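Novice: Okay, handing you the structure first.
The values are calculated or read from the model by the stated rules, or taken from the named source; none is laboratory data. Bear in mind that the values here come from a model prediction, so they are computed numbers and not experimental data. Cβ coordinates were reconstructed from backbone atoms using ideal geometry, including for glycine residues, and neighbour counts include every protein chain displayed. We work out accessible area using only protein heavy atoms, side chains counted, and drop any ligands, DNA or RNA first. Shrake-Rupley method; radii C 1.70, N 1.55, O 1.52, S 1.80 Å.
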Amino acid sequence: MSWEENVRKVVPYTAGEQPVKKGIIKLNTNECPYPPSPMVEAAMRRAECDDLRLYPQFPEKSKLYDTLVSYHGLDKEDIFIGVGSDDVLSMAFLTFFNSGRPVLFPDITYSFYDVWAEVYNIAYLKKPLDENFCIRKEDYMGENGGIIFPNPNAPTGALMAVDDIEEIVKANQDVVCIVDEAYIDFGGVSALPLLKKYDNLLIVRTFSKSRAMAGARIGYAVGSRKLIKYLNDVKYSVNSYTMNRMSLELGEACMQDEAYFKEICNKIIATRERSEKELTALGFTFPRSYGNFIFASHKNVRAKEIFERLKENDIYVRFWDKPRIDNYLRITIGTDEQMDALFKALKGIV
Ligand code: PMP
């Protein structure tokens with residue numbers, strides 16, 4: 001017998017490429033094309049190296065925690081902060097999806113969900129999106145072990161109305177429902193008001209997209225005091241000091257600059273609207289996007305070919321060779337200049 005037989009074997013999530021080459025146009029991982037707020041830069045300069053000798057504060061004792069509580073008008077016990085929303089979601093899978101019944105999520109969605117389900121041995125069922133890439137709420141009404149979906153969905157960008165989300169949460173009060181709002185700040189309507197009515201709802205947010213801080217790894221979950229307590233119990237059984245000192249401080253500085261946050265979100269929305277027109281003129285179709293990306297398919301040229309040719313031009317977008325979406329590209333919204341370079345390259349290809 002070999003030790004290898006007893007290894008936990010998993011197929012890991014494939015994150016988008018992070019090329020080191022300078023000067024490329026990076027539209028492949030939904031990062032923000034603008035820098036973080038100048039207040040974050042100032043906080044970075046103020047940071048003391050000697051502070052690194054000490055373990056960080058627990059997130060719930062940090063200023064960032066208090067700021068998020070008051071920003072969302074929550075009770076003190078209703079937030080959990082983690083190392084990007086991936087950490088928050090991973091802990092939530094481990095904590096809440098423990099019934100033996102299958103957890104439900106869409107067939108086309110954030111491709112980390114089935115990876116967490118596999119690594120934690122959680123049964124799951126994928127529910128097909130309809131032909132317009134929208135979630136069919138009826139699919140989430142039967143017996144299940146929990147529900148998770150992003151809103152807006154990724155990589156499609158499609159938004160579900162809060163009333164429809166409420167129907168799902170209301171019909172599933174015997175399980176935990178997670179709404180992943182990674183992209184909600186680009187024109188979507190948040191399900192946060194539902195938290196007052198439902199103690200089985202967890203909403204997950206990130207600083208990686210609309211707050212331009214993917215490199216700092218900050219995410220958080222908002223939910224009832226009971227949910228957050230269970231989440232913390234599991235998290236503190238895995239790793240006590242997850243959030244590093246710098247991230248807690250820089251996240252707090254970021255939250256102080258609401259004007260800048262709104263400004264970059266509005267710029268991205270304006271560029272997305274312009275990009276929709278340009279892409280349509282080039283022969284692409286796509287569902288209406290409420291994220292900082294567009295999920296587009298061309299009428300004549302296969303997505304894989306466009307993807308490869310763009311890469312030769314140092315323009316990176318995202319392509320998945322998977323059923324139903326293998327003729328689509330997910331294009332992150334960059335600056336206007338980056339998008340113009342993309343349209344120019346696309347004109348040459350299609
Ligand atoms: N949820 C969704 C839907 C995403 O697309 C991403 C980004 N890959 C995440 C969560 C995780 O983002 P982060 O860990 O940077 O917060």
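Novice: Looking at D336, D314 in this structure, which one is open to solvent by 40 Å² or more (accessible area, probe 1.4 Å) and on the phi > 0 side of the Ramachandran plot?
Specialist: Numbers: D336 fails: on the phi > 0 side of the Ramachandran plot.
None of the other options fit; the residue is D314.
Novice: Please identify the pairs in which a residue from the stretch 23-36 that is in a loop (DSSP other than H, G, I, E, B) has its Cβ atom under 6 Å from the Cβ atom of a residue that is of a type in the set (S, T, Y) and within 14 Å of the ligand (Cβ to nearest atom), counting only partners at least 6 apart or on another chain.
Specialist: What qualifies is L27/T332; N30/T332.
Novice: Somewhere in the stretch 229-236, is a residue open to solvent by 10 Å² or more (accessible area, probe 1.4 Å), more than 16 Å from the ligand (Cβ to nearest atom), in a loop (DSSP other than H, G, I, E, B) and not charged (D, E, K, R)?
Specialist: No, because not a single residue in the stretch 229-236 is open to solvent by 10 Å² or more (accessible area, probe 1.4 Å), more than 16 Å from the ligand (Cβ to nearest atom), in a loop (DSSP other than H, G, I, E, B) and not charged (D, E, K, R).
Novice: Out of all the residues in the stretch 172-206, which are more than 16 Å from the ligand (Cβ to nearest atom), open to solvent by 40 Å² or more (accessible area, probe 1.4 Å) and touching a Gly at 6+ places or on another chain (Cβ under 9 Å)? Reasoning before the result, please.
Specialist: Residues of the stretch 172-206 more than 16 Å from the ligand (Cβ to nearest atom): 172-176, 189, 192-201.
With the extra rule that they be open to solvent by 40 Å² or more (accessible area, probe 1.4 Å), the set shrinks to 173-174, 189, 193, 196-197, 199.
D199, the sole residue that qualifies.
Novice: Additional query: Go through (1) within 24 Å of D340 (Cβ to Cβ); (2) free of Cβ contacts under 8 Å to residues at least 12 places away in the same chain; (3) not aromatic (F, W, Y) and name the single condition G291 misses.
Specialist: If we test G291 against (1) within 24 Å of D340 (Cβ to Cβ); (2) free of Cβ contacts under 8 Å to residues at least 12 places away in the same chain; (3) not aromatic (F, W, Y), just (2) comes out false.
Novice: Checking N239 against (1) closer than 30 Å to S70 by Cβ; (2) out of contact with any Gly (no Cβ under 8 Å at 6 or more places or on another chain); (3) not assigned by TED's automatic domain parsing to the domain that holds G188, which test does it fail?
Specialist: N239 satisfies all of (1) closer than 30 Å to S70 by Cβ; (2) out of contact with any Gly (no Cβ under 8 Å at 6 or more places or on another chain); (3) not assigned by TED's automatic domain parsing to the domain that holds G188 except (3).
Novice: Quick one: count up the residues across the stretch 211-222 that are outside any helix (DSSP H, G or I), more than 7 Å from the ligand (Cβ to nearest atom) and on the phi < 0 side of the Ramachandran plot.
Specialist: The number of residues fulfilling the criteria is 6.
Novice: Would you point out which residue out of L64, L27, L52 is among the aliphatic types (A, V, I, L, M), in contact with a strand residue (DSSP E or B) (Cβ under 9 Å, 6 or more places away or on another chain) and over 28 Å from K226 (Cβ atoms)?
Specialist: Working: L64 fails: over 28 Å from K226 (Cβ atoms); L52 fails: in contact with a strand residue (DSSP E or B) (Cβ under 9 Å, 6 or more places away or on another chain).
After applying the criteria, what remains is L27.
Novice: Is at least one residue of the stretch 282-295 assigned to a helix (DSSP H, G or I), more than 16 Å from the ligand (Cβ to nearest atom) and out of contact with any helix residue (DSSP H, G or I) (no Cβ under 7 Å at 6 or more places or on another chain)? Working first, answer last.
Specialist: First, pick out the residues of the stretch 282-295 that are assigned to a helix (DSSP H, G or I): none.
Scanning the stretch 282-295 turns up no residue that is assigned to a helix (DSSP H, G or I), more than 16 Å from the ligand (Cβ to nearest atom) and out of contact with any helix residue (DSSP H, G or I) (no Cβ under 7 Å at 6 or more places or on another chain).
Novice: Of all residues in the stretch 193-210, which are part of a loop (DSSP other than H, G, I, E, B) and among the hydrophobic types (A, V, I, L, M, F, W, C)? Quick ask: steps written out before the conclusion?
Specialist: Narrowing the stretch 193-210 to residues part of a loop (DSSP other than H, G, I, E, B): 197-200, 207-210.
Listed by number, the list holds a single entry, F207.
Novice: Can you name the residue in the stretch 12-36 that is of a type outside the set (D, E, K, R) and over 20 Å from the mean Cα position of the chain (by Cα) and, of all such residues, is nearest to the ligand (Cβ to nearest atom)? Step through it out loud before you land on a result.
Specialist: The first filter runs over the stretch 12-36 and keeps only residues of a type outside the set (D, E, K, R), leaving 12-16, 18-20, 23-25, 27-30, 32-36.
Among the residues that remain, those that are also over 20 Å from the mean Cα position of the chain (by Cα) are: 19-20, 23-25.
Working: P19: 17, V20: 19, G23: 24, I24: 19, I25: 19 Å.
Among those residues, the one meeting the criterion is P19.
Novice: Same structure, new question: Kindly indicate whether any position in the stretch 26-35 is touching an Asp or Glu at 6+ places or on another chain (Cβ under 8 Å) and buried (at least 20 other Cβ atoms within 10 Å of the Cβ).
Specialist: There is at least one residue in the stretch 26-35 that is touching an Asp or Glu at 6+ places or on another chain (Cβ under 8 Å) and buried (at least 20 other Cβ atoms within 10 Å of the Cβ).
Novice: While we're on this one: Wholly within the stretch 44-133, which strands (runs of 3 or more DSSP E) include no fewer than the required count, namely at least 2 residues that are at pLDDT below 95 and more than 17 Å from the chain's Cα centre (by Cα)?
Specialist: Details: elements: 79-82, 103-106, 124-127.
By residue number, no strands (runs of 3 or more DSSP E) qualify.
Novice: Shifting gears a bit: With respect to V88, determine if the residue is open to solvent by less than 10 Å² (accessible area, probe 1.4 Å), closer than 29 Å to N132 by Cα and touching a helix residue (DSSP H, G or I) at 6+ places or on another chain (Cβ under 9 Å). Walk me through it before giving the result.
Specialist: On the way: open to solvent by less than 10 Å² (accessible area, probe 1.4 Å): yes; closer than 29 Å to N132 by Cα: no; touching a helix residue (DSSP H, G or I) at 6+ places or on another chain (Cβ under 9 Å): yes.
No.
Novice: What are the residue pairs meeting all of these: first residue in the stretch 254-276, first residue open to solvent by less than 40 Å² (accessible area, probe 1.4 Å), second residue of a type in the set (D, E), Cβ atoms under 7 Å, and 6 or more apart or on different chains?
Specialist: Final answer for the pair search is C265/D185; T271/D336.
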